[in-house]
Amino acid sequence: MALTPARTMPGVLELLPLDQIAFQRMLDVIRRNYERFGFLAVETPVIEYADVLLTKTGGETERQVYFVQSTGALEQGEKPDLALRFDLTVPLARYVAEHERDLNFPFRRYQMQKVYRGERAQRGRFREFYQCDIDVIGKDALSVRYDAEIPAVIYSVFRELDIGPFTIQLNNRKLMRGYFESLGVVDGEQQMLVLREVDKLDKRGADYVRDTLTGDAFGLSAEVAAKILAFVQVRSTSLQDALDKLDALGPGPEALEQGRTELKEVLGLIHAFGVPDTHYALNLSIARGLDYYTGTVYETTLNDHPQIGSICSGGRYENLAGQYTKSHLPGVGISIGLTRLYWQLRDAGLIDTAKSTVDVLVTQMNEAQLPAYLALAGELRGAGIATEVVLEGGKLGKQFKYADRAGIRFVVVLGEDEIARGVVTVKDLRREDQFEVARSELVKTLRVELEQAAAMG
């Protein structure tokens, strides 16, 4: 019988163990920081009703959805009524609408799960990937103060991930809409189209945006386009500089004034939350492409690697679950696309494979002494030291080689001589050093060694 080739489809990230440990540790850091800020874990099913997911017809999203159908339904020729989630925001909207009476508001949730999109196979694009989201949902109203808390969470996450200097860039959609209105761009749909174009400024450049705005599709005058470009190229270098540049915009329509007031409050509170001025800035080109953002918007970038693009983004929206409930549920949130971020960081050489999660390998010198080896391993595990035991024996050199390839740093040897003398030999494969320690002192000694190894990275 011919063998079926072992292969994965394009657009998935399947890692070797030590790479998976590095990825898992990033997940752990994100989770830990989300929980530090009082967010509660939520999971939703990977499969949802298609009519719940696809609340709007047409568009790019619908073309990327994976529909789900059982073999029985296929045989019956039925149209699929289930689909895989393509993000975590739509399932959150359904979740809040369905459980509204049982939730405490403001509802603070984090969700770290895989989502699925039928992306065209290309480098760095994924069909299956982790999203790590937080959102704060209010009932009827939600203070803009929560918009300032989100950057504090972002700062806490990326400071601990330690992947290099970063900047949280902020803007406000009301400010942008108000400014466009002051220039005569008053139609809501046209404003949205302009928003999407200026959001491309850092990616495509000023000439591209200018040509688009003055082209046939938009038909804006060169003077209006120049003013829009000057507006969206505003950047700040400090908190005071951001406040001064907002004031320098001059008076404008109600939307502009409201956006400016919100931004000034948010910027000041971010400072109060303890985020250094060096890690956040005003960037009036940030718009975010999704239509449902209504106020504050965020994008976070690595200072030394701008080519990676946004590593965390999100913003404020006024009505999360309007398709499912008559309740008014405003919210604010962000998302980290961790699979793509991990791939980009690894590709840029910013992260490497991790060390093994196994701390110690207990070797087998004599099969007759296996109960003693198992007892020793049990003692180490009871002390919180992750331990593997060699169960099949073989040459000691081969056991050392196994530990080295598996990334296990410490190897414990308990031979007849060690048993007779009440000692254990410990070999540190990384330092290429070994020492003897009294059996009664092994746990204490290994803890010290592991703490030192962790401190030195």
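Side notes on the structure shown:
- The chain - percent relative contact order, Cα under 8 Å, separation 6 or more: 16
- Model label zone, Asp417; criterion: amide N under 17 Å from point 7 Å along Cα-to-beta-carbon; scope segment 392-410: 396-397
- Only helices enter the 222 nm calculation for the chain: every DSSP H run of n ≥ 4 contributes -39,500 (n - 2.57), and dividing by all residues gives -12500 deg cm²/dmol, rounded to 500.
- Neighbour-count ranking [beta-carbon atoms within 10 angstrom, fewest first] of Ile163, Ile168: Ile163, Ile168
- A Förster distance of 25 Å, applied to the separation of the beta-carbon atoms of Arg31 and Gln64, puts the FRET efficiency at 0.40.
- Share of alpha-carbon pairs per 5 Å distance bin for segment 165-303, given as whole %: 2, 10, 21, 24, 20, 13, 6, 2, 1, 0
- For the chain, the longest principal axis of the C-alpha atoms and the axis of helix 222-232 are separated by about 40°.
- A Cβ-based charge dipole, computed about the Cα centre of the chain with Lys and Arg at +1 and Asp and Glu at -1, lands at about 380 debye.
- Global form of segment 223-273, assessed from the alpha-carbon gyration tensor, a/c cut-off 1.5: oblate
- When Phe39, Phe180 are arranged by Cβ crowding within 10 Å, least crowded first, meaning fewest neighbours, the order is Phe39, Phe180.
- Taking the longest Cα principal axis of the chain as reference, the axis of helix 338-347 is set at about 70 degrees.
- Stretching Glu367 away from Lys444 to a fully extended chain increases their span by 25.0 nm, per 0.36 nm per residue minus the current alpha-carbon distance.
- Residue-wise HN-Hα coupling along segment 385-399, computed from phi with Karplus coefficients 6.51, -1.76, 1.60 (Hz; x: Gly, Pro): 9, 5, 9, 10, 10, 6, 9, 10, x, x, 4, 4, x, 5, 5
- With each label modelled as a point 7 angstrom along the Cα→C-beta vector, the Leu3-Met192 pair spans 5.3 nm.
- Lysines whose Cα lies under 21 Å from that of Lys79, excluding same-chain neighbours fewer than 8 positions away: Lys56
- Gln113 long-range amide H proximity, modeled H, under 5 Å: Gln131, Asp133
- DSSP-defined antiparallel bridges as percent of all bridges, segment 360-455, nearest 5: 60
- Counted without the sites themselves, the longest stretch of the chain free of GluC sites (Glu not before Pro) in a DSSP loop having at most 10 other beta carbon atoms within 10 Å is 15-391.
- Segment 232-336: trypsin sites (Lys or Arg not before Pro) in DSSP coil with no more than 15 other Cβ atoms inside 10 Å: Lys326
- Mean sequence separation of contacting Cα pairs (under 8 Å, at least six apart), scaled by the length of segment 360-455, corresponds to a relative contact order of 25 percent.
- Residues of segment 348-386 with an amide N closer than 17 Å to a point placed 7 Å from the Cα of Glu451 along the Cα-to-Cβ direction: 383-386.
- Proximal lysines relative to Lys401, as straight alpha-carbon distance under 16 Å, when same-chain residues fewer than 8 apart are discounted: Lys355, Lys427
- Whole-Hz ³J(HN,Hα) from phi, Karplus 6.51 cos²θ - 1.76 cosθ + 1.60, for segment 69-84, glycine and proline x: 8, 6, 5, x, 5, 4, 5, 7, x, 7, 6, x, 10, 10, 8, 7
- Within-14-Å neighbourhood charge of Tyr373 [Cβ basis; K, R +1; D, E -1]: -4
Rule-based calculations on the coordinates, nothing more; no lab input. This is a predicted model, so every value here is computed, not measured. Note: ideal-geometry Cβ built from the backbone for every residue, glycine included; neighbour counts use all protein chains shown.
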